[in-house]
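Accompanying notes for the structure given below.
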Amino acid sequence: MERDELAAWLRLTLTPGVGDAAARRLLGTFGLPQRIFGQSGQALQQCVTPAQAHALLREPDGLPALVETTWQWLHTAPAAGPARAIVALGDPRYPRLLLETQDPPLLLYLLGPDRFIGPQGTPFPTHHCLAMVGSRNPTAQGQENARQFARALRASGLVIVSGLALGVDAAAHEGALEASTDADPMPATVAVVGTGLDRVYPRRHLDLAHRIAARGVLVSEYPLGTAPLPGNFPKRNRIIAGLSLGTLVVEAATASGSLITARLAAEQGREVFAIPGSIHAPQSRGCHALLRQGAKLVESAQDVLEELRLAPPPPAAEACPLPEEVQEPDSPLLRALGFDPVGLDALQARTGLDTATLQVQLLDLELAGVVARLPGALFQRLARA
């Protein structure tokens, strides 16, 4: 993209009062953005309102500085770091599945290996992307499910798309990265963020973002310098859903943003999957609501692959056995735990163990990775996906 073309695209995205829908009408009528800004106000009013036409005739404040910043960002990437690219509507690299949605972004800013986002790259392989979303405050089981499912699904060739948020999103990215190598021909995972790509939010995911940029793709529709504004995150959910064949919701409360992603996926005719959970966990209620509305119930990665008519994962990728020392099916404490969160008093009543013995056994199970300690002095047994 030449500098003049970049400036025209940025001007179009920054013009006050001209949203993506009006911009797409303008592009459909006049072609590339440079031609839009060569039109008279009267000509522009063929497809936008008089107020929008007037705004298009004025250069937005701060445009020259943003053009310079963006141009430098594109052309001064560190030699050993990830490549940078901007993909506009009409670019061959623009994801076809996203283009088929009702509200595709005008620009996508990309960060990742050159083999994915370079001129010959495929950052969003058609029919290979699956969205995984869920609670920012998942249960220990939900977090483990997200990681295990992502790992198995990536091992089957799916690219895991999520939002770099806390909780399920981060676990999904981590699982996908665990199943990837530096030589993979497709991204391990795609992180759709709600800021400019010169920022990382939340800050604690800086290392995760760097690892995604090395083996996957970071993508944003927002210009450089965009702060993590609250309205950006629900809006970016349409990109997560739009890039993907389907959306798997791991855990979600009834007011979760993940349900927005699932709704958008359903509206676009894409598959919606949900993992059921405990009837006592608030984080499961959103998934149960989706299941009542017709989402596909998922108990294993194989369920997703069969619905999408894809090959199953290699056995080694899906099988995640528990450590031998805690695999005994007749373990009294594991049976007493069940799979719902439970407190010490209830466990003592179920097992008859004294407090000291119970705490020792719980610590052993916790260190083995099959029991998680939760807030409120609760414990939960961890099943494996």
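The values are calculated or read from the model by the stated rules, or taken from the named source; none is laboratory data. Values in this document were obtained by computation on a predicted structure and should not be read as measured data. Neighbour counts are summed over all protein chains in view; Cβ atoms, including those assigned to glycine, are modelled from backbone coordinates with ideal geometry.
The single residue among 319, 372, 336 that is at pLDDT below 85, exposed (fewer than 12 other Cβ atoms within 10 Å of the Cβ) and either aliphatic (A, V, I, L, M) or more than 24 Å from the chain's Cα centre (by Cα) (or both) turns out to be 319. Report yes if residue 200 is touching a residue at least 60 places away in the same chain (Cβ under 8 Å), in the same structural domain as residue 152 (by TED's automatic domain parsing), touching a helix residue (DSSP H, G or I) at 6+ places or on another chain (Cβ under 8 Å) and among the β-branched types (Val, Ile, Thr), otherwise no. For residue 200, the condition - touching a residue at least 60 places away in the same chain (Cβ under 8 Å), in the same structural domain as residue 152 (by TED's automatic domain parsing), touching a helix residue (DSSP H, G or I) at 6+ places or on another chain (Cβ under 8 Å) and among the β-branched types (Val, Ile, Thr) - is not met.
Taking region 1-64 as the region of interest, the helices (runs of 4 or more DSSP H) fully inside it that hold 3 or more residues being surrounded by 17 or more Cβ atoms within 10 Å (Cβ to Cβ) and modelled with pLDDT of 95 or more are 3-14, 20-30, 50-56. Any residue that is within 11 Å of the chain's Cα centre (by Cα) and in a loop (DSSP other than H, G, I, E, B) - is there at least one of those in region 191-205? Within region 191-205 (the criterion being within 11 Å of the chain's Cα centre (by Cα) and in a loop (DSSP other than H, G, I, E, B)), the answer is yes, since at least one residue qualifies. Does residue 284 meet the test of being in the same structural domain as residue 233 (by TED's automatic domain parsing), of a type in the set (S, T, N, Q), outside any helix (DSSP H, G or I) and touching a residue at least 24 places away in the same chain (Cβ under 8 Å)? Judged against the criteria, residue 284 is not a match.
Here the condition is being under 30 Å from residue 68 (Cβ atoms) and surrounded by fewer than 20 Cβ atoms within 10 Å (Cβ to Cβ); of 205, 288, 210, it holds for 210 alone. Among all residues of region 220-236, there is at least one that is assigned to a helix (DSSP H, G or I), crowded, with 18+ Cβ neighbours inside 10 Å, at pLDDT 95 or above and touching a strand residue (DSSP E or B) at 6+ places or on another chain (Cβ under 8 Å).
So that you can scan it fast, the table gives a plain yes or no per residue for (1) assigned to a loop (DSSP other than H, G, I, E, B); (2) in contact (Cβ under 8 Å) with a residue 40 or more places away in the chain; (3) more than 15 Å from residue 242 (Cβ to Cβ):
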{"position": "79", "(1), (2), (3)": "yes, no, yes"}
{"position": "87", "(1), (2), (3)": "no, no, no"}
{"position": "92", "(1), (2), (3)": "yes, no, yes"}
{"position": "98", "(1), (2), (3)": "no, yes, no"}
{"position": "101", "(1), (2), (3)": "yes, yes, no"}
{"position": "108", "(1), (2), (3)": "no, yes, no"}
{"position": "111", "(1), (2), (3)": "no, yes, yes"}
{"position": "120", "(1), (2), (3)": "yes, no, yes"}
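Could you check region 339-369 and list, in sequence order, the residues that are in a helix (DSSP H, G or I), among the small types (Gly, Ala, Ser) and either within 34 Å of the chain's Cα centre (by Cα) or within 23 Å of residue 284 (Cβ to Cβ) (or both)? Within region 339-369, 346, 368 meet the criteria. Just one of the listed residues (275, 279) is buried (at least 24 other Cβ atoms within 10 Å of the Cβ) and either under 22 Å from residue 144 (Cβ atoms) or without any contact (Cβ under 8 Å) to a residue 12 or more places away in the chain (or both), namely 275.
When region 65-80 is filtered for residues that are among the small types (Gly, Ala, Ser) and loosely packed, with under 12 Cβ neighbours inside 10 Å, the ones remaining, listed by number, are 65, 79, 80. Across region 140-147, a minimum of one residue is classified as of a type in the set (A, V, I, L, M), surrounded by 22 or more Cβ atoms within 10 Å (Cβ to Cβ), not in a strand (DSSP E or B) and not assigned by TED's automatic domain parsing to the domain that holds residue 2. Of the residues making up region 167-184, none is within 25 Å of residue 70 (Cα to Cα), touching a strand residue (DSSP E or B) at 6+ places or on another chain (Cβ under 7 Å) and modelled with pLDDT of 95 or more.
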